[in-house]
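Heads up, the thing below is written out as C-alpha cells.
Every number in this text was worked out from the coordinates using simple rules, so none of it is lab data. Just so it is clear, the model here is predicted, and its values are computed rather than measured. Cβ atoms come from the backbone with ideal geometry, glycine included; neighbour counts cover every protein chain shown.
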Amino acid sequence: MTQQNTPPDEPGVESSGAAEPGADGSGAAGARGAAPRAVAVVGGGRMGAGIAQSFAVAGSRVVIVESGADAAAAAVARVAGGLRRAAERGRLAAGVVPDEVVARVRAVASVAELSADAGSSADAGPELVVEAVPEDAGLKARVLAAAERAVGPDAVLATNTSSLSVTELAAALGRPDRFLGMHFFNPVPASELVELVTAPETAPATLAAARGWAGALGKTAVVVRDSPGFASSRLGVALGLEAIRMVEEGVAAPADIDTAMELGYRHPMGPLRLTDLVGLDVRLAIAEHLRRTLGERFAPPELLRAKVARGELGRKTGQGFYAWP
C-alpha cells in the first residue's frame, strides 16, 4: 500500500511544500476543532506518514495500515523521522514531545485488523479512516470498501486523492454519506491547507466533522465540489504545464521562469521546481487524466513526456528540470 510516486514517494500530491506553520505543532490556521479520538491511515508512505504524524501531534491515537510487517514498521519509522526533523528545525510547538507523539502511533499489516479495534469496545475503533494509497481508482475503491467493512458504522471515510472522482469512489461504499475527499498537501505536517471534496451523497454532518478535524490540525479547509482535479490540482497542473511549454519553446530557463513566479506573484515555489518535487511522472499522469475529462487544454507537452521516458522524474531520481543531489 505504500505510495511510491510523488515527492518523494506519493502520487497525486500537488503542493508547494513551503507552507508554514501547520500540523507539525508550530501554529494554527483556520478554526480549531477537536481532533478525532482515533484515526486510521491506510498507506504509510511519505504522504500517509505525514497524515499520521499530524493527527498524532494533535492528540489522536493513530493506526497506520500497511501491506506487511516490514512496511508497517517502516511507516512508523517515517513518522518518528518526521518528528525528529521537525524538532531539529524548531518547528514543534512548546510541549510537543516527539517520543510521546510516536507512542500514539502503531501500525498493522492489513485493513482487516482494524476490525479488532472496532469490535473491542464501543469507543475503540477509529472515528476517521484516511485512505492514502496510490492514485489507482480500483485500488482505492477496494481499500475503502474493505475499511468500511472493518470499522464501525459511524466512522467517516476519506480519500486523499488529488484528482480521481470522489463520486465514483463513493459508489463502492455502503454508506456514501459518511465519505468525502480530504486532499492533504505535501509535506503534510507543514502545509496549511486541506481541500475537502464533497460528492453528491456526502452528508452535511460529515463535511462539518472534517472541517473541525482540519482545524484541529492547525489547517485551513477549503470546500470543493467533486470535479476533475478539484481546485488545487486543476490550477496547479495548468500552471505547471504552461511553464513546461515555455521551456520547450525556449522562452526562458527553468530557474528564470520560477523566479518570475516567486518574486512577481509571491508563489512560495516556482512551477518547475514544484514539478520536480511532485514528480514529473505524477504530473504527467494527472495531466492525462485532466485531458481525458476536461479536454485538450491539459494536453501534456512533449518535453514532459520525453523527460518521463528518460527517467528524469525530478527530485526522487536526481534529475528533472533541475539537478538534485
Quiz item: Tilt of helix 137-150 relative to the longest C-alpha principal axis of the chain, in degrees (0 to 90, nearest 10)?
Solution: 10 degrees
Quiz prompt | Electrostatic dipole magnitude of segment 182-325 [Cβ: Lys, Arg +1; Asp, Glu -1; Cα centre; debye, to 20] | solution = 240 debye
Quiz item: Between Asp281, Asp154, Asp99, which gets the highest mean-square fluctuation from a Gaussian network model of the chain, Cα cutoff 10 Å?
Solution: Asp99
Quiz item: Can you give me the Cα centroid spacing of segment 292-325 and segment 146-179 in angstrom?
Solution: 31 Å
Self-check item: Glu302/Glu168 FRET efficiency (R0 30 Å; Cβ-Cβ; nearest 0.05)
Solution: 0.50
Quiz item: Lys/Arg Cβ at +1, Asp/Glu Cβ at -1, dipole of the chain taken about the Cα centre: which of Ala58, Ala253, Phe298 is farthest positive-ward?
Solution: Ala58
Quiz item: Given the chain, what percent of its DSSP beta bridges are antiparallel, to the nearest 5?
Solution: 20 percent
Quiz item: To the nearest 10 degrees, how steep is helix 254-264 against the longest Cα principal axis of the chain, on a 0 to 90 scale?
Solution: 70 degrees
Quiz item: Relative to the Cα centre, what is the charge dipole magnitude of the chain, using +1 at the beta carbon of each Lys and Arg, -1 at the beta carbon of each Asp and Glu, and rounding to the nearest 20 debye?
Solution: 260 debye
Quiz item: Among Pro153, Asn186, Gly212, whose Cα lies farthest out toward the positive end of the dipole of segment 84-241, if unit charges sit on the beta carbon of Lys, Arg (+1) and Asp, Glu (-1)?
Solution: Asn186
Practice problem: Among Ala172, Ala260, Ala190, determine the one that fluctuates most according to a GNM of the chain built with springs between C-alpha atoms less than 10 Å apart. | Solution: Ala260
Quiz prompt | Qualifying trypsin sites (Lys or Arg not before Pro) in segment 180-283, DSSP loop, other Cβ atoms within 10 Å at most 12 | solution = Arg266
Quiz item: How big is Rg to Rh over the chain, alpha-carbon atoms, Rh as the Kirkwood inverse-mean-distance radius?
Solution: 0.96
Quiz item: Given springs between every Cα pair under 10 Å in a Gaussian network model of the chain, which of Val102, Val251, Val308 has the largest fluctuation?
Solution: Val251
Self-check item: Alpha-carbon centroid distance for the pair segment 44-95 / segment 250-274, whole angstrom
Solution: 31 Å
Quiz item: By how many degrees, 0 to 90 and rounded to 10, does the Cα axis of helix 46-57 deviate from the longest principal axis of the chain?
Solution: 50 degrees
